[in-house]
Structure formats: C-alpha cells, structure tokens
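Asks: The structure is given below, and queries will be raised subsequently.
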Amino acid sequence: MKAIFKAEKRFTLVERVIEQIREAIRSGRLKPGDRLVEMEIASSLEIGRNAIREAFRYLEKEGFVTITPFKGAHVTLPNKKEIQQMFEVMSGLEGMCARLATQKMNQKNLKKIESLHADLEKYYKNNEPEKYLKTNWSFHGLIQKLAKNDVLDQVVNELRQKIFLYRKKQLLQPNRFEASMDEHRMILKAFQKKDPNEVELKMRQHLIRQGETLMEK
C-alpha cells in the first residue's frame, strides 16, 4: 500500500514539471532552441532531478522537447506541416466528441454548453482573448466529457495539450477572434437543434479553420 501512495506522489511531481514547462512555452518565456537545465529546474521547483528527467521524456513524446545525448534537453516545436496534421486529426476527434455528446446529452447538459458559450460571447465583446481561450478550453472539454467515451477521451487529452499553444497563436491572427466566435455560434445552434451530423460538421470545420489560419502566416 505504501508503494502505491509513493507512486501517486511521484506522478504528481512529474505532472507539475510538465505543466510548468508547457506554460513557459505557451507564454513565450521558453522559445525553440532554449536549453532546459535539469539542476536549475529542480532547484527552482524544489524537487528531485529524476522527476525532471521523466517530465523531459514525456514532453519529448509530445513534441515540445528534444533530448540529445551529451547535450541535454532543448525546447523544440513542430514544423508547419506537423501543425497542420495535428489540426486535421483533432478536427476528426473533436467532431466525433461533438457527435457523441449530441446523442447522449440532456437538457441540463445543453444548459451548461449555453452557459459557457455566453461567457465566450462576453469575453469576445470585451476583447479579452486570454479569458476567451480559458473558457474555450472548458467548452471543448465539456463536450469531450459529454461524449462519454473513455478511449476517445484519452486520445483527445494527449493531443489537446500539444495543440493548445497553436490555438492561442491562431486566435491572435487578424480577424480570427471574430471568426472563431462566429464558428462557435454555429456550433451552438447545431447543439440546440440536436443534430449530430451538423454538430460534427461545424466542429470539424472550426478546427480545420484554426489550422488553416496558422498556415496563412
């Protein structure tokens, strides 16, 4: 029993490091090519270096870090082709989430979707992209949860972390904030009509458009 509790504590520490590095990359404090020094990070977070190494290996799988023998770990990001492919895959996954959510949701669930959408409208009107993005994360996360598919949930979670950075970048492109809001309005209308086909299509188009915006840079 003691071993189980120790494993849970270790996992929490590793997750803490992963999220700290992810956020530093998202915010721009860490840029492609920057070196990640185990000792510095361990000292800053007051945790052991083994947890740092585990976090680096996980982030390498996500594509945020490259580990080179005798040179250490460096921040790395996908190229344009890889980013486009991520959005193509995510469009299909989130479209499936939306379809399943529509088929399984009740009126109470729809009210939750409408409430989050109202917040998106508020933050769009007030020109608050950071708050919009945070609520958008919750909006898409709720739809994912309502799909009630454990396998789909696991796959989407892994890709959602990788794609979040680029969702922020695309939203800051000219006219994209307005377009994103319009797309969300169409998604909401499809949910209100309880049309699984239309909801899936609108969600897929929303994600595809995000990827296309980044390719236009």
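Asks: Only one of these is surrounded by fewer than 19 Cβ atoms within 10 Å (Cβ to Cβ), among the basic types (Lys, Arg) and either assigned to a helix (DSSP H, G or I) or touching a His at 6+ places or on another chain (Cβ under 9 Å) (or both): Arg99, Arg16, Arg22. Name it.
Replies: Arg16
Asks: Filter segment 184-202 down to the residues that are of a type in the set (D, E, K, R) and surrounded by fewer than 17 Cβ atoms within 10 Å (Cβ to Cβ) and list them by number. Step through it out loud before you land on a result.
Replies: Residues of segment 184-202 that are of a type in the set (D, E, K, R), as a first pass: 185, 189, 193-195, 198, 200, 202.
Scanning segment 184-202 gives Arg185, Lys189, Lys193, Lys194, Asp195.
Asks: What residue, among those in segment 58-83 that are charged (D, E, K, R) and surrounded by fewer than 13 Cβ atoms within 10 Å (Cβ to Cβ), is nearest to Val155 (Cα to Cα)?
Replies: Lys61
Asks: Follow-up. Kindly indicate the residue of segment 36-63 that is under 26 Å from Ile83 (Cβ atoms) and outside any helix (DSSP H, G or I) and also modelled with the lowest pLDDT among those meeting that condition.
Replies: Gly63
Asks: Moving on. Being touching a residue at least 60 places away in the same chain (Cβ under 8 Å), assigned by TED's automatic domain parsing to the domain that holds Leu165, touching a Gly at 6+ places or on another chain (Cβ under 7 Å) and acidic (Asp, Glu), is that true of even one residue in segment 84-101?
Replies: Scanning segment 84-101 turns up at least one residue that is touching a residue at least 60 places away in the same chain (Cβ under 8 Å), assigned by TED's automatic domain parsing to the domain that holds Leu165, touching a Gly at 6+ places or on another chain (Cβ under 7 Å) and acidic (Asp, Glu).
Asks: Search segment 64-79 for residues being of a type in the set (A, V, I, L, M, F, W, C), part of a loop (DSSP other than H, G, I, E, B) and under 19 Å from the mean Cα position of the chain (by Cα), and hand back the single one that is modelled with the lowest pLDDT. Steps first, please.
Replies: If we filter segment 64-79 for residues that are of a type in the set (A, V, I, L, M, F, W, C), which is where we start, we get 64-65, 67, 70, 73, 75, 77.
Narrowing the set further to residues that are part of a loop (DSSP other than H, G, I, E, B) leaves 64, 70, 77.
Now narrow it down to the ones that are under 19 Å from the mean Cα position of the chain (by Cα): 64, 77.
Working: Phe64: 85, Leu77: 79.
Selected residue: Leu77.
Asks: Go through (1) basic (Lys, Arg); (2) within 29 Å of Lys61 (Cβ to Cβ); (3) free of Cβ contacts under 8 Å to residues at least 40 places away in the same chain; (4) surrounded by 15 or more Cβ atoms within 10 Å (Cβ to Cβ) for Lys112 and report which single condition fails.
Replies: Exception for Lys112: condition (2).
The values are calculated or read from the model by the stated rules, or taken from the named source; none is laboratory data. It should be emphasised that the depicted structure is a prediction, and the values quoted were computed from it without experimental measurement. Note that we place each Cβ from the backbone using ideal geometry, even for glycine, and neighbour counts take in every protein chain shown.
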